Amino acid sequence: MQLATRKLLDRTFTGVGLLAVGLVAVALVAMLGPIITRGLGAFVFQETIEHRRFLLERFGRGDRSEIEAEWAEAQVAREAIHGRITQFESELRKLDWDQRQQYAGPLRDLKDVLHELLGPFPDEPKPVMPRDQYGPTRWDRAQVALEHVLFIEEYDYSDPTQMGKKVLIPRANQFIGTSLAPLFGELETNLDKMLLPRRTFYWRFLFDESVDAHLFGGIWPEVLGTLYLTLGAIVFAVPMGVISAIYLVEYARPESRLVGLLRTCISTLAGVPSIVFGLFGLAFFINTVHVSQSKSVLAGSLTLAILILPLIIRASEEAIRAVPATYKEAALSLGAGRWRTVVTVLLPAALPGILTGIVISMGRAAGETAPIIFTAAVSVGQPLALWEAFSQPSPALPWNIYNLCTEHEAVDAIRHVQYGMVFALLALVLMLNGLAIVLRARIAKRLRG
């Protein structure tokens, strides 16, 4: 091959490689950018007085005298709204039956959306559910609630060739000429005085428990459950995987049919869909072996360990094979036995490669959803003590992300929680991987002397 042709091919391959790296970088930015920015919205946002009240009453957090003073200030701003409702109800009782019926339905709907915006009225009994005890805790959700007060959503189906078109009708049209008509303008003008928004950094989102199905509070049970499941899977899978790799490389006869069958089984396991592992974990660990009476973190960890076992075996096997043969020959020539050679020479030299496989396995175990649906995960739960993990299920970030996005009744109201969970999961995986990479680098540096 001529020199000019080789240079052209080298430049072509270099250009293609750089292009591939650039495309990967652009894809990562496009994918992770919205997750990071919107995930940070679970921690940094404009909180309302309702959020400060919630933290004080539920977690005893905040300056009580300051919050009570702010709450009194907000109540003064809301008195005009409550007064107009009371005045209109008094006027309504003086009207004839037909006129009362005309306004009864719209007034009931108005009070419902006002409860959504401002919480319960002062003269009403305290509701049972936390979602009914407070107004919106975030200023962005307050804007959505205000729109529900100001407008009625209807759909126009006049064009049969198209889907219904959403139309916003001012709710004030229902109360033209009544004492309630000015209420809507007052709400729009004075909402900031009624809710007192203030920017905050809610770092305890990671460590607070959720309240009322994630409408309030944080995600600590999910974070802790994910940690338990990931570390438990690694604890069970790594010893089995490394020992299996040692056997396949150092002790098994390559021409043996049994060894060939084992390698085929390992390769097959690596390609089995994760939902199959979940069903296997339910059938074997829970219903047959009875490691727990029902779902538990232990059963989920064992299932995830089986899932990542082929990856750890393959990575460990390749790392051991990559150790120069002279290391083994030198140890044997000095009189070391095979097992001593493996433990004191081959494994330390192969440890960086083995840790690489463990890092990849941790990321997969932390992000898997299907295997833990049947074995470990629940939608709502309390943080577990370590000894409770052997018999109790736990919320986990992958399952709860899916659950909140698909099955929660107030999916739009908790959108920040969903992105916050995704952000926390990415941060958790990066943290675990970072720790493993640092450990790998230190071990490699020590081996180089």
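Listed values, structure above:
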| read-out | value |
| --- | --- |
| Selected residue (only one of GLN75, GLN87, GLN46, GLN102 is in contact with a Pro (Cβ under 6 Å, 6 or more places away or on another chain) and not small (Gly, Ala, Ser)) | GLN46 |
| Some residue of region 5-13 being modelled with pLDDT of 85 or more, more than 23 Å from the chain's Cα centre (by Cα) and more than 25 Å from ALA424 (Cα to Cα) | no |
| Top-ranked residue of region 350-369 - restricted to ones that are surrounded by fewer than 19 Cβ atoms within 10 Å (Cβ to Cβ) and hydroxyl-bearing (Ser, Thr, Tyr), ranked as farthest from LEU311 (Cα to Cα) | THR369 |
| Of residues in region 205-223 being over 17 Å from LEU56 (Cα atoms) and part of a loop (DSSP other than H, G, I, E, B), the one nearest to the chain's Cα centre (by Cα) | ILE219 |
| Selection within region 273-307 - in a helix (DSSP H, G or I) and either over 16 Å from ALA366 (Cα atoms) or outside the structural domain of ILE234 (by TED's automatic domain parsing) (or both) | VAL276, LEU279, PHE280, GLY281, LEU282, ALA283, PHE284, PHE285, ILE286 |
| Residues of region 180-230 that turn out to be polar (S, T, N, Q), buried (at least 19 other Cβ atoms within 10 Å of the Cβ) and over 19 Å from ARG52 (Cα atoms), as a count | 2 |
| Elements of type helices (runs of 4 or more DSSP H) in region 1-98, at least 2 residues being over 28 Å from VAL149 (Cα atoms) and among the polar types (S, T, N, Q) | 3-40 |
| Residue among ILE372, ILE313, ILE320 that alone is hydrophobic (A, V, I, L, M, F, W, C), buried (at least 18 other Cβ atoms within 10 Å of the Cβ), under 23 Å from LEU224 (Cα atoms) and touching a helix residue (DSSP H, G or I) at 6+ places or on another chain (Cβ under 6 Å) | ILE372 |
| Among residues of region 399-419, those that are in a helix (DSSP H, G or I), within 24 Å of THR137 (Cα to Cα) and of a type outside the set (Val, Ile, Thr), counted | 9 |
| Residue match in region 263-278 (condition: at pLDDT 90 or above and more than 30 Å from SER301 (Cα to Cα)) | no |
| Test: residue in region 211-223 that is more than 28 Å from PHE45 (Cα to Cα) and small (Gly, Ala, Ser) | no |
| Among residues of region 391-402, those that are under 17 Å from VAL422 (Cβ atoms) and more than 10 Å from the chain's Cα centre (by Cα), counted | 1 |
| Failed condition for THR48, given (1) polar (S, T, N, Q); (2) closer than 28 Å to SER179 by Cα; (3) in contact with a Leu (Cβ under 7 Å, 6 or more places away or on another chain) | (2) |
| Verdict on SER394 being under 25 Å from ARG204 (Cα atoms) and polar (S, T, N, Q) | yes |
| Any hit, region 231-253, residues being assigned to a loop (DSSP other than H, G, I, E, B) and either loosely packed, with under 14 Cβ neighbours inside 10 Å or not assigned by TED's automatic domain parsing to the domain that holds GLN75 (or both) | yes |
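The values are calculated or read from the model by the stated rules, or taken from the named source; none is laboratory data. All of these numbers come straight from a predicted model, not from anything done at the bench. Quick reminder, even Gly has a Cβ in these numbers, built from the backbone with ideal geometry, and neighbours come from all protein chains shown.
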